[in-house]
Amino acid sequence: MPPLPPITQALLLINVGVFCLAQFVGPWFLQLFALWPLGGNFLPWQVGTYSFLHGSIGHLFFNMLGLWMFGAELERLWGTRRYLQFYGASVLAAAVAQLLVAALLGSPYPTVGASGGLFGLLLAFGMLFPNRIIMPLFPPIPMKARNFVILFGAIELALGVYSPAGGVAHFAHLGGMVGGFVMIRYWRGQPPFGRRRR
C-alpha cells in the first residue's frame, strides 16, 4: 500500500486525537466545538470544528475508513492545497445545510462528525473515477463508483425527507456533496462560474 498523503494522514490523526480527548474533558468540549443551531450555543468556529468530533467509536471508524478509502487517492491526484480546499468547502457546505434544516425544523440538537466532508469526497471520487469498481461494506456488492455515489445520495435524500428527526444529519451529508460539486464546477470553469485562467 502506498503511504498516506500528508493531509489525509493529518485528518485521521486529528480526528482520532480529538475523539480521545473528548472522552476526558467533559461536556463543555461538545458545547464549545459541536455545531449548534443558530442562537443559543452557536459560535462561528463551529462550522469547522464540528467535523473533528464524533459521537461514538463506530461513527469515528466508518468516517475514517471512508476518508482513507476516498480521500487518500484524491489527495494524490490533486495535491495537498487543492485537496484541503475541497474538503474544507464540503465541510462548510454541510454545516450551512445543517444550520438551515435545524432552523426550519426547530431542532435544538448539535451536529458532530466528518461525514459532510466525507460525502463531498465520495462525490468527487464518483465524478473523477466513475467506472472504478469498489466494494462497500454496506451493501457488500461490487459496484461502479458512480453508481455507489448515486445510490448513497438517493438514500440520504430519502432518509432526510422521511426521517428528518432521526438523529442523523442527512441533509448535512447532502450539503457536503453539493459543496463538493460546486467546487469541482468552479475549478472546471463550468456554469454558473466563468472560465478560469490557468
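Looking at segment 1-119, the helices (runs of 4 or more DSSP H) lying wholly inside it that each contain 3 or more residues that are open to solvent by 50 Å² or more (accessible area, probe 1.4 Å) and either over 16 Å from M177 (Cβ atoms) or of a type in the set (D, E, K, R) (or both) sit at 6-25, 27-33, 57-66, 72-78, 80-105.
Close contacts from segment 123-136, counting a first residue that is touching a residue at least 24 places away in the same chain (Cβ under 8 Å) and a second that is part of a loop (DSSP other than H, G, I, E, B), with Cβ to Cβ under 8 Å and a gap of 6+ residues or different chains, come to F125/R132; I134/P142.
Going through (1) at pLDDT 95 or above; (2) under 23 Å from G126 (Cβ atoms) one by one, L43 falls short only on (2). For segment 122-157, residues that are aliphatic (A, V, I, L, M), over 21 Å from A172 (Cα atoms) and surrounded by fewer than 12 Cβ atoms within 10 Å (Cβ to Cβ) total 4.
Taking only pairs six or more apart or across chains, which ones have beta-carbon atoms under 8 Å, a first residue in segment 62-88 that is without any contact (Cβ under 8 Å) to a residue 40 or more places away in the chain, and a second residue that is open to solvent by less than 70 Å² (accessible area, probe 1.4 Å) and in a helix (DSSP H, G or I)? Correct list of pairs: W78/F86.
The values are calculated or read from the model by the stated rules, or taken from the named source; none is laboratory data. Note that the structure is predicted; figures quoted are calculated from it, not measured. Ideal geometry is used to build each Cβ from the backbone, glycine not excepted, and the neighbour counts take in all protein chains shown. Side chains are part of the model used for accessible areas, which takes the heavy atoms of the whole protein and leaves out ligands, DNA and RNA. Shrake-Rupley method; radii C 1.70, N 1.55, O 1.52, S 1.80 Å.
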